[in-house]
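**Q** Supplied in structure tokens, the structure appears directly below.
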Amino acid sequence: MPSEWELLGRLALTVLLSAAVGLEREYRQKSAGLRTHTLVGLGAALFSLGGAYGFAGEGGAFPRDPARVAAQVVTGIGFIGGGLIFVRQDAVRGLTTAAGVWVTAAIGLAAAAGQGVLAIASTGAYMLVAFGFPAMTRWLPQPGTERAVAQVSYLDGRGVLRQAIARCTHAGFAVVDISTRRLDPGEGGDPGAVSVRLELQGTSDGELLRADLAELDGVLAVSVDRPDDAE
């Protein structure tokens, strides 16, 4: 059995490496930052050390099984990772942070098992992925996208704009710009009429989107055009 000083050294290495991962998340102002990642790594290491050496003096009454403890750590960390993932407006957020917490627990397990070189190398690999991959992806060819412009005239005060943006998103378009203006009585025919111009990106069917927007309560007129088609 390693000495207590060696075990403390493993914990210190865990704290150092986990904090390095946490600093990257803190730098990017994510929900789980320095403290969360450091505590996750420390907790994973402590569980591993407890399972491996905590019952060494019990005369075999409590059989040790370090692999089983490590497996439980992997399972348990999923609850924390799952709490970091959420969906907002059809967009999934927190996946990278959750994966970072998962990797931090693995780093803690490796450091507690005495595999310091592996733990350090894994932390370096994490930094390469976190900082190097975003720069690398900017050099990759971007998939082609098509532009579309939706022009909607509607009666103000009925929440039409919010619903129109939601329907554009659900139809598979990304809204990249919005501009609105209040129509003169001669243009809209009704007091309080508003016109909104939505610049969209996507390859979905513009005619289906036009029909969908026309069904909204309060819509006076709607058109969906693709400027690229006229070029």
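**Q** Which order do TYR154, TYR126, TYR53 fall in if you start with the one that has the fewest other Cβ atoms within 10 Å?
**A** Ordered by Cβ neighbours within 10 Å, fewest first: TYR53, TYR126, TYR154.
**Q** Sorted from fewest to most neighbouring beta carbons within 10 Å, what does the list LEU11, LEU128 look like?
**A** Fewest to most other Cβ atoms nearby, the residues stand as LEU128, LEU11.
**Q** For a Förster distance of 35 Å, can you work out the FRET efficiency between the beta-carbons of ARG181 and LEU95, rounded to the nearest 0.05?
**A** 0.35
**Q** Please rank HIS37, HIS170, fewest neighbouring Cβ atoms within 10 Å first, as an exposure proxy.
**A** Listed from fewest to most nearby Cβ atoms, that is HIS170, HIS37.
**Q** I would also like to ask the following. Compute the Rg to Rh ratio over the stretch 147-230 from the alpha carbon atoms, using the Kirkwood formula for Rh, and round to two decimal places.
**A** Result for the stretch 147-230 is an Rg/Rh of 0.96.
**Q** Also: With N set to the number of residues, divide the alpha-carbon radius of gyration of the stretch 4-137 by 2.2 N^0.38 Å and report two decimals.
**A** Computed over Cα atoms of the stretch 4-137, the ratio equals 1.13.
Taken together, the values in this text are just the output of simple stated rules run on the coordinates, not laboratory data. These numbers were taken from a predicted model, which means no experiment stands behind them. Neighbour counts are summed over all protein chains in view; Cβ atoms, including those assigned to glycine, are modelled from backbone coordinates with ideal geometry.
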